[in-house]
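The next block holds one structure in the form of structure tokens; read it before the comments.
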Amino acid sequence: MTRLFFFTGLLLAFYCKNVQSQVIYPSDTSSTKTENTEVVKTDELQKEVEAPKTDILYQHNGTKMLVNVKKIHMNDLFYSLPGETKVNKMDQRLVHKIEYKTGKVEVLNEKPTEIREVGDYRKIKVTYDPADVEGLIEITEIEARVDGNESGNSTPKSLERSAIIVLRRQAANINSDVILITDKKTHVAFGEIPFMILYAKAYSYK
């Protein structure tokens, strides 16, 4: 009987030892996961800090440019390349939209615009009659100043012809079709160089 109790005790001790040795303690994955998440977030923040902040130009031909936009005046877009101070200029009619570094998106031209060469200024029609531009689309107001020569041979008529050429060149640059002369100022004084200023409005058929 004593031997039976002795062997029974040994079996119980052996069984308990095996059970304890098979106990699996759960790993602390929460702390590891948190640490990994913090590392990923830190890396993302580091990349954001290191990423250059620039504006993005999207041209109609599919070209994408990283630049710093300075200003847009008439048909000229002034910009500088990242890391440079030199200011460059391009025709803003070539640009579809600008995505600024602030997140703002500005659409300059929904569709590609036909850009007339400056040499086509002779095709620009000139009129003094407002009835000739009825129904046309007004683009902008333009003006041109022409100075005479020191010899005093310039006449108001010759100055006006020269000023009209300047206006037609300006109109060609902004894709205008017709210009309406709205006013003119002539300065002719003894001992001074004469000049004329023509004021006009540029119109387009479409």
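The values are calculated or read from the model by the stated rules, or taken from the named source; none is laboratory data. Keep in mind the model is a prediction, meaning the values are calculated, not measured. So basically every Cβ, Gly included, is an ideal-geometry build from the backbone, and we count neighbours across all protein chains shown.
For Val188, state whether it is farther than 14 Å from Tyr121 by Cα, surrounded by 15 or more Cβ atoms within 10 Å (Cβ to Cβ) and within 34 Å of the chain's Cα centre (by Cα). Before the answer, list the steps.
Details: farther than 14 Å from Tyr121 by Cα: yes; surrounded by 15 or more Cβ atoms within 10 Å (Cβ to Cβ): yes; within 34 Å of the chain's Cα centre (by Cα): no.
Against the criterion (farther than 14 Å from Tyr121 by Cα, surrounded by 15 or more Cβ atoms within 10 Å (Cβ to Cβ) and within 34 Å of the chain's Cα centre (by Cα)), Val188 does not qualify.
Looking at Ala131 and the list (1) in contact with a strand residue (DSSP E or B) (Cβ under 9 Å, 6 or more places away or on another chain); (2) surrounded by fewer than 16 Cβ atoms within 10 Å (Cβ to Cβ), which single condition is not satisfied?
Against the list (1) in contact with a strand residue (DSSP E or B) (Cβ under 9 Å, 6 or more places away or on another chain); (2) surrounded by fewer than 16 Cβ atoms within 10 Å (Cβ to Cβ), Ala131 comes up short only on (1).
Answer with yes or no whether Asn61 is among the polar types (S, T, N, Q), modelled with pLDDT of 90 or more and over 30 Å from Leu180 (Cα atoms). Walk me through it before giving the result.
Numbers: among the polar types (S, T, N, Q): yes; modelled with pLDDT of 90 or more: no; over 30 Å from Leu180 (Cα atoms): yes.
So Asn61 does not fit the description; no.
Given (1) crowded, with 19+ Cβ neighbours inside 10 Å; (2) more than 25 Å from Asp120 (Cβ to Cβ), identify the lone condition not met by Ala200.
(2)
Kindly indicate which of Leu167, Leu180 is in a helix (DSSP H, G or I), surrounded by 16 or more Cβ atoms within 10 Å (Cβ to Cβ) and in contact with a strand residue (DSSP E or B) (Cβ under 8 Å, 6 or more places away or on another chain). Break it down stepwise before answering.
Working: Leu180 fails: in a helix (DSSP H, G or I).
Testing whether each residue is in a helix (DSSP H, G or I), surrounded by 16 or more Cβ atoms within 10 Å (Cβ to Cβ) and in contact with a strand residue (DSSP E or B) (Cβ under 8 Å, 6 or more places away or on another chain) leaves just Leu167.
Considering (1) modelled with pLDDT of 90 or more; (2) in a loop (DSSP other than H, G, I, E, B); (3) touching a Lys or Arg at 6+ places or on another chain (Cβ under 7 Å), say which one Thr102 fails and leave the rest.
Of (1) modelled with pLDDT of 90 or more; (2) in a loop (DSSP other than H, G, I, E, B); (3) touching a Lys or Arg at 6+ places or on another chain (Cβ under 7 Å), only one is false for Thr102: (3).
Name the residues in the range 51-87 that are exposed (fewer than 14 other Cβ atoms within 10 Å of the Cβ), in contact with a Lys or Arg (Cβ under 9 Å, 6 or more places away or on another chain) and either within 27 Å of Thr140 (Cβ to Cβ) or hydroxyl-bearing (Ser, Thr, Tyr) (or both), would you?
Of everything in the range 51-87, those that are exposed (fewer than 14 other Cβ atoms within 10 Å of the Cβ), in contact with a Lys or Arg (Cβ under 9 Å, 6 or more places away or on another chain) and either within 27 Å of Thr140 (Cβ to Cβ) or hydroxyl-bearing (Ser, Thr, Tyr) (or both) turn out to be Asp76, Val87.
Could you give every pair whose Cβ atoms fall below 7 Å, whose first residue belongs to the range 152-173 and is touching a residue at least 24 places away in the same chain (Cβ under 8 Å), and whose second residue is of a type in the set (S, T, N, Q), counting only separations of at least 6 or pairs across chains?
Close Cβ pairs (under 7 Å, with a partner that is of a type in the set (S, T, N, Q)) amount to Pro156/Thr186; Asn173/Asn75.
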